[in-house]
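**Student:** Mind looking over this structure? Questions follow.
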Amino acid sequence: MKKHPIAILISGRGSNMRALIEACARPDYPARIALVLSNNPDAPGLETARAAGLATLAVDHRDFKRDREGHERAIDAALREAEVEAICLAGYMRVLTPFLVKAWQGRMLNIHPSLLPKFAGLHTHERAIEAGETEHGCTVHLVTDGVDEGPILAQAAVPVLAGDTPEALAARVLEQEHRLYPQALADFLAHQ
């Protein structure tokens, strides 16, 4: 089985990255992690990736001041040097410029904690509860210029329970994220 080289971009602890690491460790999984990259050199997920024996790199966005495209050009160079075929955003907390989106169009996936197109952006769990939703969940989608607007690849739903707090709902959604992202990536790579 071909193992497609992928990169994972993180900004924090990388819980979805851990789910992808576990999946990629299986011999029957169609991807291998060629690089874990963060815009935050202090991201705890970088240490998790190093402990798993993965190549890591921090490209600190603060070093680029307000030059977002310059930051992304440095990221793009690192991704190309690592010879990755696809990118998984996993808690990467930067809105991308058209440069990086276009450079990796059709090859960059993101996981978002809502059933898109509902609740794009931040604070999804609070917003779902406030809106009186009975169902919430997560979505894996391709990245496009619009925030959380790309074509949907897969979704998983959880019920919104009476008395739910954003934290309780988030925990249930995160369990589904950890299951959905590896499956959606495998399905995506099967069609590449």
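The numbers here are math on the coordinates, done by the rules we state, and not lab data. Remember, predicted model here, so these are calculated numbers, not experimental data. Please note: Cβ atoms are built from the backbone with ideal geometry, for glycine as well, and neighbour counts cover all protein chains shown.
**Student:** I need the full set of residues from the stretch 74-90 which are in a helix (DSSP H, G or I) and surrounded by 21 or more Cβ atoms within 10 Å (Cβ to Cβ), in order please.
**Tutor:** Result: ILE75, LEU79.
**Student:** Residues of the stretch 154-185 being farther than 14 Å from LYS118 by Cβ and touching a His at 6+ places or on another chain (Cβ under 6 Å), which ones?
**Tutor:** Within the stretch 154-185, PRO166, ALA170 meet the criteria.
**Student:** Counting just the residues of the stretch 125-151 that are surrounded by 15 or more Cβ atoms within 10 Å (Cβ to Cβ) and free of Cβ contacts under 8 Å to residues at least 40 places away in the same chain, which one comes out farthest from the chain's Cα centre (by Cα)?
**Tutor:** Within the stretch 125-151, the match that is farthest from the chain's Cα centre (by Cα) is GLU133.
**Student:** Taking the stretch 104-120 as the search range and keeping residues that are assigned to a strand (DSSP E or B) and without any contact (Cβ under 8 Å) to a residue 60 or more places away in the chain, which one is nearest to the chain's Cα centre (by Cα)?
**Tutor:** That would be ASN110.
Let's see how each residue does on (1) among the aliphatic types (A, V, I, L, M); (2) in a loop (DSSP other than H, G, I, E, B); (3) under 18 Å from the mean Cα position of the chain (by Cα); (4) surrounded by fewer than 22 Cβ atoms within 10 Å (Cβ to Cβ):
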site	(1), (2), (3), (4)
LEU57	yes, no, yes, yes
GLU69	no, no, no, yes
GLU72	no, no, yes, no
TYR92	no, yes, yes, no
VAL95	yes, yes, yes, yes
LYS102	no, no, yes, yes
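**Student:** Would you mind finding the one in ALA157, ALA184 that is of a type in the set (A, V, I, L, M) and in a strand (DSSP E or B)?
**Tutor:** That would be ALA157, the only listed residue that is of a type in the set (A, V, I, L, M) and in a strand (DSSP E or B).
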